[in-house]
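As structure tokens, the structure follows; a few thoughts come after it.
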Amino acid sequence: LNNIISYITFFGLIITAAITGQATYKDIASNSSSLFYTAPLTKFQYLAGRYLGALATLLVVFSSVGLGAFVGTHLPWIDPTRLGPHRLAPYFQAYFLLVIPNLVLSSAIFFGLAALGRKMLPVYAGSVLLMLGYFLALQLSSTLTVSMKAALVDPLGGSAIDRLTQFWTPYERNTRLIPLQGVLLLNRLLWLGIGAAVLAFT
């Protein structure tokens, strides 16, 4: 479930770029941003409202991935003995560990690029660079054991989970929840901190 939900949402980076980029770019492109400042509205309030609105929209959009996985496991032609006991915790855990932090990070970067660059091209270029960073981290972790460096430089956290669970047995992989500790905790704090710094700069 963690792999399915996180990988599908990873390919939604373009959607993330489009939604967060358009949050401010539409106002700039239509020359309506000055209209908002005729009200007693500060720049911080305007940008914070736009960013939080875009993030809330993304959370609604990407919640469909977990919902789809849930529905998929309950289809009548799926053999329930191959799935094991049904638990809701792994669905929420995938969002808590990867999806929501990754949306906060990527949306902060794309929002900053759109607000500061005032164009959509830097936003889409940023999404490509983020994908390249992810594939670079995959290359660093392509050996049998994932290095600490590869686990930390992965902006989306997949390599950190691979390092944390690399010695788990198949039974443990199918039954245990992934703990938020060690290199995974460091990875999440590092990249959420970078996202917060980009947002603060913006």
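The values are calculated or read from the model by the stated rules, or taken from the named source; none is laboratory data. Because the structure is predicted, anything quoted here is derived from the model rather than measured. Because the Cβ atoms are built from the backbone with ideal geometry, glycine has one as well, and the counts that use them run over all protein chains shown. Surface accessibility is based on the protein's heavy atoms, side chains included, excluding ligands, DNA and RNA. Shrake-Rupley method; radii C 1.70, N 1.55, O 1.52, S 1.80 Å.
Of all the numbered requirements in (1) farther than 20 Å from residue 127 by Cβ; (2) in contact with a helix residue (DSSP H, G or I) (Cβ under 6 Å, 6 or more places away or on another chain), residue 104 misses one, and that requirement is (1). The residues of segment 149-202 that are part of a helix (DSSP H, G or I) and without any contact (Cβ under 8 Å) to a residue 12 or more places away in the chain, listed by number, are 149, 170, 171, 172, 173, 185, 189, 193, 197, 200.
Within this structure, residue 96 fails the test of being part of a helix (DSSP H, G or I), surrounded by 24 or more Cβ atoms within 10 Å (Cβ to Cβ) and either aromatic (Phe, Trp, Tyr) or on the phi > 0 side of the Ramachandran plot (or both).
Out of the residues in segment 49-68 that are open to solvent by less than 30 Å² (accessible area, probe 1.4 Å) and of a type in the set (A, V, I, L, M), state the one that is nearest to residue 104 (Cα to Cα). Ranking the qualifying residues of segment 49-68, first place goes to 55. In segment 128-147, the condition of being surrounded by fewer than 17 Cβ atoms within 10 Å (Cβ to Cβ), part of a helix (DSSP H, G or I) and small (Gly, Ala, Ser) is met by at least one residue. Scanning segment 104-121 for residues that are of a type outside the set (Val, Ile, Thr), in a helix (DSSP H, G or I) and over 17 Å from residue 160 (Cβ atoms) yields 107, 108, 110, 111, 112, 113, 114, 115, 116, 117, 121.
Check segment 100-116 and report whether any residue there is over 21 Å from residue 159 (Cβ atoms) and open to solvent by 30 Å² or more (accessible area, probe 1.4 Å). Looking for residues that are over 21 Å from residue 159 (Cβ atoms) and open to solvent by 30 Å² or more (accessible area, probe 1.4 Å), one finds at least one in segment 100-116, hence yes.
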